[in-house]
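Novice: A single structure is presented below for examination.
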Amino acid sequence: MQLSSQKALSLTRRFLSPATPLHAQWFLTPRCNYRCRSCGVWREKTKTSEVSAEEVKAGLAALKKVGVAEVVLSGGNPLLREDIDEIIAYSSRHFITTVYDNGSMAVKKIDALRNADFVAISLDTLDEKKNDYMRGVKGAWKNAMNAIETLHREGINVGVAPTISQLNLYGMKDFTRYFTNRGVPVWYAVYSHDDTDDSLFGIGKKNDELEIVDKKAMAKLCDTLLSMKNERKGIFITDKTLEALKQLFLTGKRTWKCRALQNFLMVNHLGQVSGCHLYEPVAKVTELPKVWNSQRFDALRAKYSACQRCTYVCYLFYSIHKGVYGNLEILKDQFKNAGSIIARTYETRHAFAENSMSGRDREKTLLIGGSNAGGSMSSSPIMPCHLSLKYTAKKTL
C-alpha cells in the first residue's frame, strides 16, 4: 500500500493531538472458523447480522473525526466477510490499519491484505500438536506457518500474535527467538477472560487450563523479554507494559488506571461503541463526533477509570501510554525497530531498481514521500512501528 503525503500528515496531526483516542478496534463479525480454547466468540449465540461495508465506512469516517489514528479489524475472523476487501482498502487510506487472521484465510485474501498496513497471524506455540489443540482445529499450525511465510515472502508486513497462557508460557522465549531471528515481529496477548454477560460482545469465560497459575514464571518471562529487547529487534511490547505485567503477576497490584473511551474504544459488528468490550454499548459509532465531548461520556470515562475487572494487554497498553506524551513514549521505546526497518528498506529499494519493470513497479509501493502498518494488538501492534513497518523490506523465512 502507498502512504501518501496527505495520509502521513493527517496521521501525524492526530498522533500529536491531545484529548483524542489513538486506537479503535472494530469487531467486524462474530463469525469464526476456528474453535480456540482462549476465546469464546464462536460459542456466543450472537446474531450474525452485521453492518454493511458502507456503514463501516461511515463509522470509520466518524472515528477519524474524533482523532483515531490506528484501527484494528478483528472478529471472529474479519476475513470471512465477503466485503472485507472494500473495508480494508478504505480503512487503510485513512488509518494505520491492522487486520487479524488465524492463518486460515490470509493466503486466500492476500490481494486485499496488500492494502493493509499490518497483518497479525494468531499462533501460540512452535509445537504443532499443542497449537492445534489450543486453536481447536487440526491443521491450524500449518495454516498459520504457511500464512506467515507466504505474506512475509510477498513483502506484506506480517507479524505473529501469540496469547500467553499456562499452556505455552514456558516456550515463549524460544517462540520469540524463532520468529525474530527470521525478521517476523512478535507482539503478545496474555490470557484473560470475561466476567459478565452484559457486554458489547463476549470473548470468553474462564478456562482453568489456560489461566496462568505459575505467576513467578510469568514475571520471569517479562524480565526475559525486557532483556531480549536489548539484543534483538521485532519484540512489539513496551518496557512499561512488561513492567506493569510483572508487577501484576508478582503482587496482584495494578499500576495503571483504565483509559477506555479516552485513549481507546471498541466497536462491535452492529456498529455500537463502548470503552471496552466488557461494558454495554453507549452510542452508535456514527454518533461519536457529537457525543465525544459530552458530560455523559465524561461520566463514563470516570466509571471506566475505576474499573479493575480485566488484564487484557491491549487495554493495559493504551492505558499506560496515555496522551501525546504516551505516544512519544511508544515511539522512543520502539525506535530501534523503526530505524532498522527503514534502513533495510532503503537497501531493498536500490535492489528493486535493478530488477525488471515488474520489480520497479513493486518498488514504487515502498516510496515514502508522494508515492509511498495492527495485537493484544493486542496488542497490540504499536502505531509508530506501523508507520515504519509500512516500509519493511522483503526477507524470506
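The values are calculated or read from the model by the stated rules, or taken from the named source; none is laboratory data. Bear in mind that the values here come from a model prediction, so they are computed numbers and not experimental data. So basically every Cβ, Gly included, is an ideal-geometry build from the backbone, and we count neighbours across all protein chains shown. Quick note on the areas: whole protein, heavy atoms, side chains included, nothing else; ligands and nucleic acids left out. Shrake-Rupley method; radii C 1.70, N 1.55, O 1.52, S 1.80 Å.
Novice: Just checking: which of the helices (runs of 4 or more DSSP H) contained wholly in the stretch 262-325 hold 1 or more residues that are open to solvent by 30 Å² or more (accessible area, probe 1.4 Å)?
Specialist: Ranges flagged: 288-291, 295-305.
Here is a yes/no grid of residues against (1) more than 17 Å from the chain's Cα centre (by Cα); (2) of a type in the set (Gly, Ala, Ser); (3) at pLDDT below 95:
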site	(1), (2), (3)
Tyr100	no, no, no
Lys109	yes, no, no
Leu113	no, no, no
Ala116	no, yes, no
Asp127	yes, no, no
Trp141	yes, no, no
Glu149	yes, no, no
Met172	yes, no, no
Phe175	yes, no, no
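Novice: Name, by its number, the condition in (1) closer than 20 Å to Ser17 by Cα; (2) in contact with a helix residue (DSSP H, G or I) (Cβ under 6 Å, 6 or more places away or on another chain); (3) aliphatic (A, V, I, L, M) that does not hold for Val324.
Specialist: All conditions are met except number (2).
Novice: So for the stretch 31-51 (the condition being modelled with pLDDT of 95 or more and either in contact with a Ser or Thr (Cβ under 9 Å, 6 or more places away or on another chain) or open to solvent by 10 Å² or more (accessible area, probe 1.4 Å) (or both)), does at least one residue qualify? Don't jump to the end; show me each part of the working.
Specialist: To start, the set of residues in the stretch 31-51 that are modelled with pLDDT of 95 or more comprises 51.
Remaining after also requiring either in contact with a Ser or Thr (Cβ under 9 Å, 6 or more places away or on another chain) or open to solvent by 10 Å² or more (accessible area, probe 1.4 Å) (or both): 51.
Yes - at least one qualifying residue is present in the stretch 31-51.
Novice: Which of the residues spanning the stretch 106-133 are surrounded by fewer than 24 Cβ atoms within 10 Å (Cβ to Cβ) and under 19 Å from Tyr90 (Cβ atoms)?
Specialist: Listed by number, the residues that qualify are Lys109, Ile110, Asp111, Ala112, Arg114, Asn115.
Novice: Scan Gly171, Gly183, Gly136 and give me the residue that is surrounded by fewer than 23 Cβ atoms within 10 Å (Cβ to Cβ) and touching a Cys at 6+ places or on another chain (Cβ under 8 Å).
Specialist: Step by step, each of Gly171, Gly183, Gly136 is checked, and only Gly136 is surrounded by fewer than 23 Cβ atoms within 10 Å (Cβ to Cβ) and touching a Cys at 6+ places or on another chain (Cβ under 8 Å).
Novice: Separate question: May I ask you to verify whether Ala62 is part of a helix (DSSP H, G or I), small (Gly, Ala, Ser) and modelled with pLDDT of 95 or more?
Specialist: Yes; evaluated as a whole, the condition is true for this residue.
Novice: Residues of the stretch 104-124 being among the aliphatic types (A, V, I, L, M) and in contact with a helix residue (DSSP H, G or I) (Cβ under 9 Å, 6 or more places away or on another chain), which ones?
Specialist: Met105, Ala106, Val107, Ile110, Ala112, Leu113, Ala116, Val119, Ile121, Leu123
Novice: Here is a follow-up. What number goes with the only condition from (1) closer than 25 Å to Asn102 by Cβ; (2) buried (at least 16 other Cβ atoms within 10 Å of the Cβ) that Asp83 does not pass?
Specialist: (2)
Novice: Would you pick out the residues in the stretch 9-28 that are among the aromatic types (Phe, Trp, Tyr) and either in contact with a Pro (Cβ under 6 Å, 6 or more places away or on another chain) or part of a helix (DSSP H, G or I) (or both)?
Specialist: Phe15
Novice: Taking the condition closer than 21 Å to Phe236 by Cα, part of a helix (DSSP H, G or I) and among the acidic types (Asp, Glu), does Asp174 pass?
Specialist: Taking the combined requirement at face value, the residue satisfies it.
Novice: Any residue in the stretch 314-333 that's among the acidic types (Asp, Glu): show its pairings with residues that are surrounded by fewer than 18 Cβ atoms within 10 Å (Cβ to Cβ) and modelled with pLDDT of 80 or more at Cβ separation under 8 Å, as long as the two are six or more apart or on different chains.
Specialist: From the stretch 314-333, the pairs are Asp333/Asp239.
Novice: I'm trying to understand the selection: among the residues of the stretch 55-106, which are out of contact with any strand residue (DSSP E or B) (no Cβ under 8 Å at 6 or more places or on another chain) and of a type in the set (Phe, Trp, Tyr)?
Specialist: Selection gives Tyr90 alone.
Novice: Which one of the conditions (1) of a type outside the set (Asp, Glu); (2) under 29 Å from Ser49 (Cα atoms); (3) within 22 Å of the chain's Cα centre (by Cα) does Ile320 fail to meet, given that it meets all the rest?
Specialist: Condition (2) is where Ile320 drops out.
Novice: One residue is enough: does the stretch 65-83 have a residue meeting the conditions in a strand (DSSP E or B), at pLDDT 90 or above and in contact with an Asp or Glu (Cβ under 6 Å, 6 or more places away or on another chain)?
Specialist: Checked against the condition, which is being in a strand (DSSP E or B), at pLDDT 90 or above and in contact with an Asp or Glu (Cβ under 6 Å, 6 or more places away or on another chain), the stretch 65-83 yields no hits at all.
Novice: Mind listing just one residue for me: the one in the stretch 224-257 that is under 22 Å from Val324 (Cβ atoms) and within 18 Å of the chain's Cα centre (by Cα) and, of those, surrounded by the most Cβ atoms within 10 Å (Cβ to Cβ)?
Specialist: Pass one, the stretch 224-257, residues under 22 Å from Val324 (Cβ atoms): 236-241, 243-244, 255-257.
Right, trim to within 18 Å of the chain's Cα centre (by Cα) and you get 236-241.
On the way: Phe236: 30, Ile237: 27, Thr238: 22, Asp239: 15, Lys240: 18, Thr241: 28.
So the residue we want is Phe236.
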